[in-house]
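See below for the structure under consideration.
The values are calculated or read from the model by the stated rules, or taken from the named source; none is laboratory data. Computed from a predicted model, the values in this text were never measured in an experiment. Glycine also receives a Cβ, built like all others from the backbone with ideal geometry; neighbour counts cover every protein chain displayed.
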Amino acid sequence: MRNDELELAEVPTDDRPSDTWSFDADGQGTRTWTGRRQQIAITAPLVLLVFFGAVFVFVPRSVVFKPGPLSSPHAQILAGTLGSERCAACHSDATLSMAWSGNGGVRQHQNDLCMKCHQEMMDSSLASKAHNLPRSVREQLSADIRRASVLPKTASLVSAVWSPRAKLNHENVACSTCHKEHHGADVDLTAMTSAQCQSCHSVRFGDFANSHPEWDNWPYGRGGEIAFDHVSHLRKHANARGAATHLLCVRCHPRQTSGTGPADLARSASYENTCAVCHDEALQVEAETGLAMLHLPTIPPASAQGIGWPDVAVGFPDGVIPPLTELLLRSDPDAAEAMRKLPGGDIAAIKESELEATANVLARSIRKLLADVSDGGHAALLERLVSIGIAPETFLPVIRSLPPQWLSDSDWFEVPGSPALGMRSPSDFRFAAFASDGTNERLPAVPNDETLLDEDLLSGEDDVSADHDALLGADERIDESDPLSEPDSPSDQNWAVDPASLVARGGWYRDDVRLALRYRGTGHADKILVSLIETFAQLSQGDPLRDRFFELPSVASCVECHRGATRFPPAWRAAAKIGDRTQFTKFSHAPHLSISSLDDCSHCHRIADLPSDEMAAVAFAATDHPHAEFHPIRRESCAACHTSAAAGDDCATCHRYHISR
Amino acid sequence: MKGIRFSTRRGISLLVTSLAVGVCWVVARWESERLGRADIFTGVTALLGLFALLLLGVRRRIPFLPLGNASVWTQIHIYVGFFTTAVYFIHVPRIIGDGFFECFLSLCFLSVSASGFYGLYISRTLPKKLAAIENQLRFDRVNWHRDEIASTARGVVDGLVDSATSRVLGTFYGKVLEPFFSSRPSLAYVIAPSGNRRRQLLGDLKELDRYLESDGRKAAGRFAALVRRRDDLDYQFALQLRLRTWLVFHGLLSVALMFAAVIHAVLAFRFTS
């Protein structure tokens, strides 16, 4: 029998599709599908509500809500913290609070929370500024770049159209704008696309090889702390003894290992390993010429009246005020005014009409200086420097090495009745032949004890002539020869001071013949010369005193190479550019050193082909100017490898965002 | 629109949806490149998509308002579903979220999306299968029909006069047919209905013919008809249950998804710096 031959009862029609219950003939009811669906629609949401309510109440929020795994560095740091505190490390209490209005917690900008850990990286007050630079600096940089840069001729059309402009307030950039967390452990928080970097910049370009602006002054023209003439050394001295080993690039720019990263090249090596090989001897000689701290000039008699100026220093105006003396006199307005009338500090150069008064003022000022030092010691010296705006710290090595008693005014200046050395006439000292009586031949002969006892030291006699027998001692000790005749050969004379033997190892010494206090240098890195250079570097550019000091032979031998020392703060060494966060451009030799074709430094750093030594000298003199000694490194040199398919050409490869100045 | 062929309409709809997804991706990329919040953009887009998807349920419950054809709404619902699923994958950093809540949210969305695609499939295939069966049955009357078939089969057994026929068919009925007629279909059959059971029973009945006289064979024929009727009933029941269960599942999860998505949006805005 087929299906259609089967006769069954008709289906009851006593219900409706929307009924929730249906009843059979016995009256037993069963839920219809509609009824069951209704039941589920009411029950299921209630169950879910209760379930989630319990979860939100009893389960810690840090377990319930996890917007994504943290990056590895942050995850490691926060691994030991409790769940509730993990979120609070980066999110403010107000955000974490369940209160809708946010009044449940402390309002705190997220940048401040970031800076709690990253405060060493940058100034917290500038953390939210673009590039961590104040607006004024950014605007100035933008103006400089617009003037200097060569804009790309053919920027990529696609990039020009596609690159959107960032919707950012450059004065309030959140850290999370660029560093997006909760995207997984392996995500690099510092990764940025070139388009993202350029979104804030008004001029955009496409790929590095074709579109990046050309540069013509990088990497040269930076630094300048140490002046080294590459052209001269490699041209003139290429055949010198030892040049083959001493003039290798790696000799002065050795690889230096760091604990964290691969080896990079040092900007300069130690003096002992590099320059000393050829220059130490000459430098020693220059340093040993030393300089004077104090030197009493010879002033006219009219100027010396009433001052008690040493007689040996009275006469035809002569003498140069040492730069250090002039510096110490500057705190005295009268002395400073008087010094302005001395071209180059030379008393002989004063105008005739002003000579007497000026010399008198100077002499009084010098005496006052010595008197102050006698009374106040180091403090007097420091006070004078501070009053003219010199940072006292730079001068401390000088005064620590210099006993104030050496500047006491009692030795050279007139004290009534005192047989001071300063009372003697110049002829007594300069041309005297000293008898060998077992005493130190370098000291002038002194009267014997009997002669001294015969004299009343406190008699107050002012007029002590050079012919006073009691002071001079035996006549036979006086050389009767003509003082204006040519001096005898040195072997027949004994000078008052011979610094080469007295302070052979360097140091301060007092020359009572010349009435000077001098310093003899020790050679390279002499601490006193360093201190003095750093002191005078604080004077303003164009100050004649500053120029005069740096022209002193012993000083010039230092600053000729250490040009950075003439700035303030001084820079004696070439500052490492690796890790220098003041620069927008970053470069490390390390990854390039492993490429065999770049083993030869001249692959990138080619000495300029200057046809003559004169041009080389001009180039060296202008080493502050871009690539004077070297051919400039062009963009195509870098672009040979730095493409998107090879070494990478992202902005962040060579540029940094966070700048510290 | 009625003059355009269905395949053309489908092509246009897919094209428009693809374009919309493309535009969304481009805008998200653009926002990301300008240091904007691409996740906020895609998240809001996905949330609006969910709201739009829910509107179909609202439309179904308000048939009296002139809001357009339900079939048009369904088509819109389908393509908005495609779009929202694509936006989800643009939005999320990982497919399954971390954390209890985000994991629930992502599983919820994926379940709703998967059930949506499944619903699209079964809504296109099951009606044909249902229409191929004679006697369109109401789902709520399935039990009544089962009872009717079972009582009819009992009546056939009771009506057997010949002792030999009664013995053969009675034994077969007691052992095989009575459990078949009186019980509900197995879960395996409901999940994956097939003709195996039907073929088996009909084959067994055919085998009994050599033991039966003509009256017995007529009775066996009636039993066969009842087996076919019952199998058709069970087949309809399975397919209708599948459709209805899918709808409940899809609807409930959609509500849960909406609830969780709103919480997620509130939290995301709160933590946006």
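Okay, here's what the table says:
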item: Which numbered condition A:S62 misses (of (1) buried (at least 16 other Cβ atoms within 10 Å of the Cβ); (2) of a type in the set (S, T, N, Q); (3) at pLDDT 90 or above); result: (3)
item: Filter pass, B:T272 being loosely packed, with under 15 Cβ neighbours inside 10 Å and closer than 30 Å to B:L56 by Cβ; result: no
item: Qualifying residue in the stretch B:10-19 (condition: surrounded by 16 or more Cβ atoms within 10 Å (Cβ to Cβ) and farther than 21 Å from B:V262 by Cβ); result: yes
item: Candidate set: the stretch B:192-228, residues that are under 24 Å from the mean Cα position of the chain (by Cα) and farther than 21 Å from B:H145 by Cβ; chosen: the one nearest to the other protein chains (Cβ to nearest Cβ); result: B:N196
item: Condition met for A:A357 (more than 20 Å from A:P499 (Cβ to Cβ) and in contact with an Asp or Glu (Cβ under 7 Å, 6 or more places away or on another chain)); result: no
item: Residues being within 21 Å of A:P67 (Cβ to Cβ) and hydroxyl-bearing (S, T, Y) - total across the stretch B:1-54; result: 3
item: Residues of the stretch A:283-334 satisfying the condition of being free of Cβ contacts under 8 Å to residues at least 12 places away in the same chain and within 30 Å of A:L539 (Cα to Cα); result: A:V285, A:P333
item: Hits in the stretch B:159-177 (condition: small (G, A, S) and either more than 19 Å from B:S214 (Cβ to Cβ) or part of a helix (DSSP H, G or I) (or both)); result: B:S163, B:A164, B:S166, B:G170, B:G174
item: Filter pass, A:T623 being modelled with pLDDT of 85 or more, of a type in the set (V, I, T) and part of a loop (DSSP other than H, G, I, E, B); result: no
item: Scope the stretch A:325-364; condition over 21 Å from A:L291 (Cα atoms), part of a helix (DSSP H, G or I) and of a type in the set (S, T, N, Q); matching residues; result: A:S353, A:T358, A:N360
item: Some residue of the stretch B:62-75 being under 30 Å from A:P17 (Cα atoms), within 14 Å of chain A (Cβ to nearest Cβ) and loosely packed, with under 14 Cβ neighbours inside 10 Å; result: yes
item: All positions within the stretch A:21-59 that are in a strand (DSSP E or B), at the interface with another protein chain (Cβ under 9 Å from one of its Cβ atoms) and loosely packed, with under 14 Cβ neighbours inside 10 Å; result: A:T30
item: Residue in the stretch B:235-243 that is within 11 Å of chain A (Cβ to nearest Cβ) and closer than 30 Å to B:C103 by Cα present; result: yes
item: Verdict on B:V255 being part of a helix (DSSP H, G or I), at the interface with chain A (Cβ under 10 Å from one of its Cβ atoms) and within 30 Å of B:L48 (Cβ to Cβ); result: yes
item: Pairs with Cβ under 7 Å, 6+ apart, first in the stretch A:1-19 and within 7 Å of chain B (Cβ to nearest Cβ) and exposed (fewer than 12 other Cβ atoms within 10 Å of the Cβ), second in a helix (DSSP H, G or I) and modelled with pLDDT of 65 or more; result: A:R2/B:A225; A:E5/B:A225; A:A9/B:E148
item: Given (1) closer than 30 Å to A:C87 by Cβ; (2) more than 12 Å from chain A (Cβ to nearest Cβ); (3) hydroxyl-bearing (S, T, Y), number of the condition B:T272 does not satisfy; result: (2)
item: Residue list for the stretch A:547-595, restricted to those being closer than 19 Å to A:G648 by Cβ, in contact with a Pro (Cβ under 9 Å, 6 or more places away or on another chain) and assigned to a loop (DSSP other than H, G, I, E, B); result: A:F587, A:S588, A:S594
item: From the options B:V262, B:V156, B:V266, residue that is within 13 Å of another protein chain (Cβ to nearest Cβ), in contact with a Lys or Arg (Cβ under 6 Å, 6 or more places away or on another chain), assigned to a helix (DSSP H, G or I) and among the hydrophobic types (A, V, I, L, M, F, W, C); result: B:V156
item: Filter pass, B:D209 being part of a helix (DSSP H, G or I), touching a residue at least 12 places away in the same chain (Cβ under 8 Å) and among the charged types (D, E, K, R); result: no
item: A:P73 within 7 Å of chain B (Cβ to nearest Cβ) and either surrounded by 15 or more Cβ atoms within 10 Å (Cβ to Cβ) or in a helix (DSSP H, G or I) (or both); result: no
item: Unmet requirement for B:A114, which otherwise passes all of (1) surrounded by fewer than 15 Cβ atoms within 10 Å (Cβ to Cβ); (2) within 14 Å of chain A (Cβ to nearest Cβ); (3) aliphatic (A, V, I, L, M); result: (2)
item: Pair list, Cβ under 6 Å, 6 or more apart: the stretch B:119-141 residue free of Cβ contacts under 8 Å to residues at least 24 places away in the same chain, other residue of a type in the set (S, T, Y); result: B:D140/A:S22; B:D140/A:T32
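Residues are listed down the side, and each one gets a yes or a no for (1) at pLDDT below 85; (2) assigned to a helix (DSSP H, G or I); (3) more than 27 Å from A:G579 (Cβ to Cβ):
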| position | (1), (2), (3) |
| --- | --- |
| A:S125 | no, yes, no |
| A:S136 | no, yes, no |
| A:L141 | no, yes, no |
| A:V158 | yes, yes, yes |
| A:A166 | yes, no, yes |
| A:H170 | no, no, no |
| A:G206 | yes, no, yes |
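Quick grid of which residues meet (1) hydroxyl-bearing (S, T, Y); (2) crowded, with 18+ Cβ neighbours inside 10 Å; (3) in contact with a Ser or Thr (Cβ under 6 Å, 6 or more places away or on another chain):
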site	(1), (2), (3)
A:A276	no, no, no
A:E281	no, no, no
A:Q284	no, no, no
A:L291	no, yes, yes
A:P322	no, yes, no
A:D332	no, yes, yes
A:A336	no, no, no
